[in-house]
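Take a look at the structure below.
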Amino acid sequence: MDERLEIATPKRTKEIINKYGFSFKKSLGQNFLIDSNILNKIVEAAELTPENGALEIGPGIGALTERLAQEAGAVTAVEIDRRLIPILKEVLEPYPHAKVRHDDVLKVDLHQLFREDFSEVEKVSVVANLPYYVTTPIVMKLLEERLPLDNIVVMIQKEVAQRMAAPPGGKDYGSLSIAVQYYCVPELICIVPKTVFIPQPNVESAVIRLKLRDRPAVEVEDEAYFFELMQSCFVQRRKTIANNLRSRYFEGGDRTQLEQLLAEAGIEPSRRGETLSLQEYATLSSVFLRAGIR
Ligand code: SAM
């Protein structure tokens with residue numbers, strides 16, 4: 001790579017920041033990457049080719065965008081902070097196939113963006129060092145909108161990555177694990193220390209790859225119902241599944257019916273929400289739905 005162009009070094013990042021008089025906004029989760037080894041790991045995990053596209057969320061001053069532009073055939077970076085747009089335009093000038101959009105990723109119509117920017121590429125990856133204050137809403141938007149994505153490779157807070165990748169049975173497993181694993185196969189790529197960012201965040205980070213499944217991990221009749229029932233089982237984590245379900249669906253009502261439905265689903269009432277697999281939640285929601293429980 002041309003050293004002159006590499007943004008992700010402490011020296012070059014400080015030069016760019018000073019040149020434009022840029023000041024970091026904590027409220028926008030602005031922690032810029034200054035370590036090219038970590039960038040390599042992120043980019044390698046996305047398995048980009050010139051036939052593929054990359055969507056970046058929050059390009060900052062373009063450290064990762066530049067690397068994506070060197071690997072992918074089309075790159076779009078969505079940045080909320082207007083002050084960064086002229087910087088990005090300048091640093092990305094050598095890469096005409098890298099486009100910058102000034103927008104809030106949570107508000108933008110991503111299907112339209114895909115039609116406009118990625119109609120010529122075979123597959124699209126989301127690759128990003130996400131702003132930590134909105135990690136979960138961003139990832140859930142990408143998944144729930146069912147975008148034609150191949151994979152999502154993101155740097156996020158370590159604890160959130162561990163929860164997304166957690167198998168049933170442990171303290172990290174919860175509604176986020178289930179929601180993510182319903183759509184994807186997660187894989188933790190690496191843990192990242194605070195020292196590779198300017199300014200340093202308060203928490204450790206991790207890179208996670210979410211490989212999109214061709215179809216969801218389990219078949220459910222009504223997705224909204226499945227997710228609501230599953231979430232109700234984690235409302236009070238220390239309570240049994242029977243207690244949580246009773247509070248949500250049988251307040252003051254028929255206890256024996258709850259026991260019958262759990263027996264029909266093959267689930268012991270004394271189990272806790274964190275021990276149930278996706279398949280068990282799918283079975284349980286189908287048994288409840290067919291019994292007309294709302
Ligand atoms: N990609 C750069 C890097 O790795 O050095 C910057 C990453 S920084 C952790 C997060 C970036 O996301 C910031 O540039 C911030 O302004 C931007 N951002 C925050 N909220 C956003 C939103 N809702 N939509 C788009 N960008 C956002």
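The values are calculated or read from the model by the stated rules, or taken from the named source; none is laboratory data. These numbers were taken from a predicted model, which means no experiment stands behind them. We place every Cβ from the backbone using ideal geometry, glycine too, and count neighbours over all the protein chains shown. Ligands, DNA and RNA are excluded from the accessible area calculation, which covers all protein heavy atoms including side chains. Shrake-Rupley method; radii C 1.70, N 1.55, O 1.52, S 1.80 Å.
Identify, from the list Glu120, Glu144, the residue that is of a type in the set (Asp, Glu), within 14 Å of Leu210 (Cα to Cα) and out of contact with any Lys or Arg (no Cβ under 7 Å at 6 or more places or on another chain). If you could, list the steps in order and put the result at the bottom.
Working: Glu120 fails: within 14 Å of Leu210 (Cα to Cα).
Testing whether each residue is of a type in the set (Asp, Glu), within 14 Å of Leu210 (Cα to Cα) and out of contact with any Lys or Arg (no Cβ under 7 Å at 6 or more places or on another chain) leaves just Glu144.
If you go through region 72-96, how many residues are free of Cβ contacts under 8 Å to residues at least 60 places away in the same chain, open to solvent by 70 Å² or more (accessible area, probe 1.4 Å) and either within 15 Å of the ligand (Cβ to nearest atom) or in a loop (DSSP other than H, G, I, E, B) (or both)?
4
Looking at region 278-294 only, could you name the residues that are of a type outside the set (A, V, I, L, M) and either over 13 Å from Gln231 (Cα atoms) or in the same structural domain as Gly170 (by TED's automatic domain parsing) (or both)?
Gln279, Glu280, Thr283, Ser286, Phe288, Arg290, Gly292, Arg294
Out of all the residues in region 49-71, which are of a type in the set (A, V, I, L, M) and open to solvent by 20 Å² or more (accessible area, probe 1.4 Å)?
Across region 49-71, there are no qualifying residues.
Give the residue, chosen from Ile7, Ile16, that is crowded, with 20+ Cβ neighbours inside 10 Å and either farther than 24 Å from Lys141 by Cα or outside the structural domain of Leu143 (by TED's automatic domain parsing) (or both).
The conditions single out Ile7.
Hey, does region 51-70 have a residue that's charged (D, E, K, R), over 24 Å from Gln30 (Cα atoms), more than 10 Å from the ligand (Cβ to nearest atom) and in contact with a Gly (Cβ under 7 Å, 6 or more places away or on another chain)? Break it down into steps so the answer makes sense when it comes.
Within region 51-70, the subset charged (D, E, K, R) is 51, 56, 66-67.
Add one more test, that the residue is over 24 Å from Gln30 (Cα atoms), and what stays is 51.
Filter once more, keeping what is more than 10 Å from the ligand (Cβ to nearest atom): 51.
If we keep only those that are in contact with a Gly (Cβ under 7 Å, 6 or more places away or on another chain) too, we end up with 51.
Yes: one or more hits.
Within region 74-92, work out how many residues are charged (D, E, K, R) and within 14 Å of Lys19 (Cβ to Cβ).
Quick first cut of region 74-92, residues charged (D, E, K, R) only: 79, 81-83, 89-90.
Filter once more, so that each one left must be within 14 Å of Lys19 (Cβ to Cβ): 83, 89-90.
Residues meeting the conditions: 3.
Answer yes or no as to whether Asn31 is open to solvent by 20 Å² or more (accessible area, probe 1.4 Å) and within 12 Å of the ligand (Cβ to nearest atom).
yes
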